[in-house]
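Remarks on the structure that follows.
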Amino acid sequence: MFERISVTQAQTLVANEACNIVDIRDAQSYAQAHVPNAAHLDGNIIDAFIADSDRERPLIIYCYHGNSSQSAAQYFAGQNFKRVYSVDGGFEAWRLQL
């Protein structure tokens, strides 16, 4: 199971704990701007990401507006990641606070 969180909640979590932050937007959008310390994740590297990640560490996922990230969060929760979060409003909401 995953949890939907606001940008403020995500920022608080990042400030208080070591988190993995994942951007699932396209590569061009990621290159133009992204959340600090976010990794770009696409279908080509998902398996490697899963194999190399600490599944106990919080995983924060964002997309453009917070819709696709919910499906991705559900997928990662199914891969035994313990604390998975989808950011409501996605990067568009987060960039307003950068």
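Structure notes:
- Entry for Kirkwood radius over Cα pairs in Å (calculated from the structure that is shown) out of (1) 14.9; (2) 20.7; (3) 13.1: (3)
- Here the Karplus curve 6.51 cos²θ - 1.76 cosθ + 1.60, taken at θ = phi - 60°, turns the phi angles of segment 34-40 into couplings of 7, 5, x, 6, 7, 9, 7 Hz, with x standing for Gly and Pro.
- Within the shell of other residues whose beta carbon sits under 11 angstrom from the beta carbon of Ala31, the net charge comes to -1, with Lys and Arg scored +1 and Asp and Glu -1.
- Distance in nm between pseudo-label sites at Gln79 and Thr8 (7 Å out along the Cβ direction from Cα): 3.1 nm
- Å³ per residue enclosed by the Cα convex hull of segment 58-98: 48 Å³
- Summing +1 for each Lys or Arg and -1 for each Asp or Glu among the other residues whose beta-carbon sits under 15 angstrom from that of Met1 gives +3.
- Karplus 3J(HN,Hα) series, Hz, for segment 69-83 with 6.51 cos²θ - 1.76 cosθ + 1.60 (x for Gly, Pro): 5, 5, 5, 5, 4, 4, 4, 5, 4, x, 9, 6, 6, 7, 10
Read-outs throughout are calculated quantities, based only on the coordinates presented, and are distinct from any laboratory measurement. Because the structure is predicted, anything quoted here is derived from the model rather than measured. All Cβ positions, even for glycine, are placed from backbone atoms using ideal geometry, and neighbour counts span all protein chains on display.
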